[in-house]
Amino acid sequence: MSQVTTEEAVATTTTEQKYRDYVITSFVKAIQPVVIDRGDGAVVYDTSGRAYLDCFAGISVVNAGHCNPEVVAAAKAQMEKLIHCCSYIYHSQPVADLAEKMAEITPGRLQKTFFANSGAEAIEGALKLARLYTGKKEVISLEMSFHGRTYMTLSVTGNAGRKKRGGPYASGVAFAPAPYTYRSQWDDDERCGQECAKAVEHVIRYHTSGDVAAFLAEPVMGEGGIIVPPKNYFRAVKEILDRHGILFIADEVQSGFGRTGAMFAIEHFGVEPDILVTAKGIADGFPLGGFTARPEIADCFQPGDHLSTFGGNPVSCAAALANIKYMQKHKLPEQSRDKGAYVIGRLQDMQQKLPIIGDVRGLGLMIGVELIEDNEKTPAATKAESVRSICLREGVLVGVGGVYGNVIRLQPPLVITREQFDQALSVVEKALREVSA
Ligand SMILES: Cc1ncc(COP(=O)(O)O)c(C=O)c1O
């Protein structure tokens with residue numbers, strides 16, 4: 001490990017002090033005590049040069065690895081030609097090329113994309129499109145969901161923890177139960193899937209005025225605690241939605257771009273959404289979001305209905321295109337599937353020895369380890385925070401989430417190697433033993 005020079009120590013202190021003085025961070029519980037200076041693949045380095053194995057990827061963003069050379073080269077080349085022109089006033093080639101690529105990689109008949117700057121902005125646009133297309137107004141989303149931090153995206157977020165001190169929220173939103181087998185009244189996945197799907201019809205009947213434009217759901221729930229719905233859930237829900245003329249908006253902001261072992265998580269469920277929303281992993285760290293719809297839905301936007309000054313930024317779009325090509329060339333979704341199966345197996349072995357592990361779940365490299373205090377499944381949130389701190393101390397970055405704050409989230413860059421993950425898992429095990437002692 002490199003020596004910390006005085007200059008590097010000063011840079012770290014100055015950055016942390018400037019954060020305290022000038023950056024609004026009061027909404028996060030704890031900003032991690034590390035200044036990230038640079039990244040490479042699945043590793044980030046602090047200002048002293050200390051390496052950290054990154055198992056959180058900037059909240060599931062840098063799927064093709066930090067500073068992926070092919071993504072960087074594409075962005076640099078575009079930056080030297082044109083940074084901004086407003087892609088909705090003039091034509092821009094990276095936007096056209098990326099939109100064509102999105103039509104190729106998204107499921108079924110999804111074809112036309114609107115590009116925004118973030119997940120929340122993309123969800124907002126998708127909801128607006130669904131309302132305009134159906135002529136209906138209400139939305140159903142899931143309890144324990146998370147869809148962003150703007151007013152409307154918080155309104156459709158099913159978690160008071162994220163909404164507190166911001167209400168009252170928009171009306172016309174109803175919530176269906178999350179298909180979360182581990183904490184449901186049904187032990188078996190199939191039954192949980194069936195019952196939770198049936199509950200969507202109940203919500204339409206009794207919690208709305210019947211004027212429902214869209215059902216919005218994450219195919220794998222990220223912030224809610226890496227909740228993987230039962231295999232039968234979305235198919236059963238889609239059948240109900242079709243009967244009621246309600247669109248299905250899949251929020252793939254966190255689960256998209258190879259994260260779950262398929263390009264998009266909804267592919268695991270054999271269902272074609274009407275609108276698919278993306279962000280995070282789309283451009284390997286460049287800010288970009290989007291929603292993709294079938295042409296007949298997309299074309300209901302009329303002039304003046306929607307726009308975004310920075311949306312479809314040429315540099316972000318060029319980076320996204322290179323990112324997706326890299327993913328396809330190196331089969332990152334398949335890598336994610338295989339690596340994820342290995343990691344889940346290792347965690348399940350750990351679960352046999354460590355009673356603090358209540359549940360291990362995930363798809364591909366979107367993995368959650370739910371920590372509990374006892375046989376009553378009392379959430380072990382403080383211990384989850386301690387695990388994160390111990391991992392940081394030992395040079396591994398992990399996330400913590402879940403509606404009870406007790407889920408360790410492992411969502412590394414998909415390029416992480418088996419050796420790197422073995423190293424990370426031994427640190428996670430050490431941390432779990434330390435907090436169990
Ligand atoms: C499923 C999901 N939707 C939407 C968002 C909001 O995305 P952004 O933070 O880019 O606005 C997030 C962010 O974590 C997310 O996980």
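The values are calculated or read from the model by the stated rules, or taken from the named source; none is laboratory data. Note that the structure is a prediction, hence the values are computed from the model and not measured. FYI the Cβ positions are ideal-geometry reconstructions off the backbone, even for glycines, and counts take in every protein chain you see. For the accessible areas, the whole protein counts, side chains as well, though only heavy atoms, and no ligand, DNA or RNA atoms are used. Shrake-Rupley method; radii C 1.70, N 1.55, O 1.52, S 1.80 Å.
Observations on the structure shown:
- Subset of the stretch 242-255 that is without any contact (Cβ under 8 Å) to a residue 60 or more places away in the chain and surrounded by fewer than 21 Cβ atoms within 10 Å (Cβ to Cβ) - its residue that is farthest from the ligand (Cβ to nearest atom): Arg243
- Residues located in the stretch 401-427, provided they are in contact with an Asp or Glu (Cβ under 6 Å, 6 or more places away or on another chain) and β-branched (Val, Ile, Thr): Val407, Val427
- The listed residue being under 22 Å from Ile227 (Cβ atoms), open to solvent by 10 Å² or more (accessible area, probe 1.4 Å) and out of contact with any Leu (no Cβ under 6 Å at 6 or more places or on another chain), out of Lys164, Lys112: Lys164
- Positions within the stretch 294-323 being touching a His at 6+ places or on another chain (Cβ under 9 Å) and assigned to a helix (DSSP H, G or I), in sequence order: Pro314, Val315
- Residues that are β-branched (Val, Ile, Thr), more than 27 Å from Ala283 (Cβ to Cβ) and free of Cβ contacts under 8 Å to residues at least 24 places away in the same chain within the stretch 359-418 comprise Val360, Thr378, Thr382, listed in sequence order.
- Restricting the stretch 285-321 to residues that are in contact with a helix residue (DSSP H, G or I) (Cβ under 9 Å, 6 or more places away or on another chain) and of a type in the set (S, T, N, Q), the residue that is farthest from the ligand (Cβ to nearest atom): Gln302
- The requirement of being part of a loop (DSSP other than H, G, I, E, B), surrounded by 12 or more Cβ atoms within 10 Å (Cβ to Cβ), among the polar types (S, T, N, Q) and modelled with pLDDT under 85 is fulfilled somewhere in the stretch 4-20, by at least one residue.
- Some residue of the stretch 219-237 being open to solvent by 10 Å² or more (accessible area, probe 1.4 Å), over 24 Å from the mean Cα position of the chain (by Cα) and in contact (Cβ under 8 Å) with a residue 24 or more places away in the chain: no
- Close pairs (7 angstrom Cβ cut-off, 6 or more residues apart or separate chains): of a type in the set (S, T, N, Q) in the stretch 15-29, surrounded by 10 or more Cβ atoms within 10 Å (Cβ to Cβ) and not in a helix (DSSP H, G or I) anywhere: Thr15/Val35; Thr25/Ile31
- A single member of Phe286, Phe291 is surrounded by fewer than 24 Cβ atoms within 10 Å (Cβ to Cβ), among the aromatic types (Phe, Trp, Tyr), in contact (Cβ under 8 Å) with a residue 60 or more places away in the chain and in contact with a Ser or Thr (Cβ under 8 Å, 6 or more places away or on another chain), and it is Phe286.
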